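Encoded as structure tokens, the structure appears first; notes follow it.
The values are calculated or read from the model by the stated rules, or taken from the named source; none is laboratory data. Remember, predicted model here, so these are calculated numbers, not experimental data. Ideal geometry is used to build each Cβ from the backbone, glycine not excepted, and the neighbour counts take in all protein chains shown.
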């Protein structure tokens with residue numbers, strides 16, 4: 001642009017250009033615009049500099065953003081907010097807090113975007129920022145005497161409490177919100193799922209639809225993940241029907257969630273159908289399918305999937321290699337495992353072996369009974385051996401009765417995790433009676449208790465959970481008598497997509513909830 005044509009530009013048109021250019025996130029374009037504004041003699045314009053600060057953050061030039069902020073002749077709430085939001089989005093949470101505190105201390109009243117930026121920083125920082133998040137909440141309440149609380153701020157507070165592991169406050173806030181939009185419902189469902197309360201997350205979907213809010217792709221992804229955690233195939237299939245009916249079946253996030261849900265419910269055929277439903281080169285879907293085959297024992301299929309990725313030149317990342325190594329480990333395929341481990345090291349520019357990959361190799365060697373070889377591999381690792389590596393060796397020492405090597409593995413594990421599984425160590429020493437008493441006493445001193453085993457089954461009236469040595473079930477006698485005749489041909493009820501959207505939600509809810517009580521009938 002020539003200087004003659006530039007004479008027709010004013011601050012408003014330049015600001016508009018900066019805003020459009022920021023969408024490119026180009027550092028080169030940012031610096032060109034900055035130089036152009038300096039040449040025009042507008043470098044002291046707070047209006048333009050604030051726009052450049054936002055552009056600098058979007059293209060990752062945090063240092064330039066700081067310099068522009070320092071050069072501002074007057075810092076208004078927009079400039080301060082740009083610094084608060086920009087640092088929060090880049091994960092510089094402490095800096096975001098610092099700018100917010102300085103702004104408030106200097107007498108600049110935060111607006112809804114300032115609060116939202118500071119709350120985003122709290123959400124990112126997690127539990128450690130809960131106290132600061134509560135202080136921001138108090139400031140929000142104080143400012144509400146001047147103007148109603150913006151829904152953006154409500155959503156920020158809700159997300160902050162959920163991600164700071166304070167579900168009680170999140171529930172109270174959610175109940176007090178005058179208007180609950182889609183983001184608020186999604187945040188609350190995500191919060192329930194984060195706390196392992198999957199049934200409550202699904203229940204909230206029913207309330208949401210009855211409240212008149214239509215689910216989005218993110219809503220379905222959350223609910224499908226909830227079905228995964230419950231291993232609830234009936235509810236999952238019904239959600240799948242809703243996904244198809246509402247046109248979200250091509251969404252990669254939802255397809256990945258569906259694939260994971262079917263895999264956890266043991267429905268490999270359905271998982272494969274989801275994978276093949278729409279051809280995709282997305283590595284996440286391929287990796288999820290490899291993991292599904294590996295976990296279900298279909299190792300040949302997992303290997304064929306991985307080899308097909310290589311043929312099609314689909315990018316393999318660390319998680320892909322972790323999935324195939326895990327599959328080899330479960331099948332005891334030592335030579336294949338070594339092959340893929342070495343292949344991973346050849347992809348130096350795209351894949352870096354992490355402790356999880358080394359842990360898989362240790363587990364593979366241990367499962368095959370090669371305990372000494374596993375110990376040698378651990379000692380030769382370029383990384384500090386992880387808890388999982390020593391745990392795998394310790395567990396295998398218990399299986400193969402190698403008490404001496406087990407003691408060494410336990411001593412190394414104790415250095416990394418003083419609360420490691422004493423139960424495994426006690427099992428190793430069960431073959432040596434003179435050491436058994438010491439181990440049992442150590443468990444008592446550390447107040448160690450073995451977590452009971454748990455399994456569950458889904459029937460028409462819900463999900464029934466069974467714990468190890470649980471004798472409190474009212475129909476235990478019938479269950480035990482039936483075990484001997486139980487066969488693996490139980491049919492899964494098929495969900496027919498009929499009726500309107502609300503009818504499907506009512507059918508979906510019937511497995512867990514009483515719709516009459518929800519509707520107040």
Residue within the range 82-96 that is part of a helix (DSSP H, G or I), under 30 Å from residue 205 (Cβ atoms) and modelled with pLDDT of 90 or more present
yes
Meets criteria (free of Cβ contacts under 8 Å to residues at least 40 places away in the same chain and surrounded by fewer than 23 Cβ atoms within 10 Å (Cβ to Cβ)) for residue 257
no
Which condition number does residue 352 fail, the rest of (1) at pLDDT below 90; (2) part of a helix (DSSP H, G or I) being met?
(2)
Residue within the range 107-120 that is surrounded by fewer than 16 Cβ atoms within 10 Å (Cβ to Cβ) and either under 30 Å from residue 173 (Cα atoms) or more than 30 Å from the chain's Cα centre (by Cα) (or both) present
yes
A careful count of residues in the range 28-66 that are more than 13 Å from residue 17 (Cβ to Cβ) and part of a loop (DSSP other than H, G, I, E, B) gives 7
Could you list all residues from the range 331-341 that are buried (at least 17 other Cβ atoms within 10 Å of the Cβ) and either modelled with pLDDT of 95 or more or part of a helix (DSSP H, G or I) (or both)?
331, 334, 336, 337, 340, 341
Which is surrounded by 18 or more Cβ atoms within 10 Å (Cβ to Cβ) and free of Cβ contacts under 8 Å to residues at least 40 places away in the same chain, of 173, 182, 168?
173
For the list (1) in a helix (DSSP H, G or I); (2) under 18 Å from residue 243 (Cβ atoms); (3) touching a residue at least 24 places away in the same chain (Cβ under 8 Å), I need the number of the one condition that residue 214 fails.
(1)
Is it fair to say residue 263 is in a helix (DSSP H, G or I), modelled with pLDDT of 90 or more and buried (at least 17 other Cβ atoms within 10 Å of the Cβ)?
no
Restricting attention to the range 287-330, which residues are in a loop (DSSP other than H, G, I, E, B) and over 25 Å from the mean Cα position of the chain (by Cα)?
297, 298, 313
Of everything in the range 270-281 that's at pLDDT 90 or above and touching a helix residue (DSSP H, G or I) at 6+ places or on another chain (Cβ under 8 Å), which residue is farthest from residue 190 (Cα to Cα)?
272
Only one of 99, 47 is at pLDDT below 90 and either exposed (fewer than 13 other Cβ atoms within 10 Å of the Cβ) or out of contact with any strand residue (DSSP E or B) (no Cβ under 9 Å at 6 or more places or on another chain) (or both). Can you tell me which?
47
Among the residues in the range 274-285, are any touching a residue at least 24 places away in the same chain (Cβ under 8 Å), farther than 28 Å from residue 214 by Cβ and not assigned by TED's automatic domain parsing to the domain that holds residue 214?
yes
Which one is surrounded by the fewest Cβ atoms within 10 Å (Cβ to Cβ), of the residues in the range 384-432 that are part of a loop (DSSP other than H, G, I, E, B) and at pLDDT 80 or above?
384
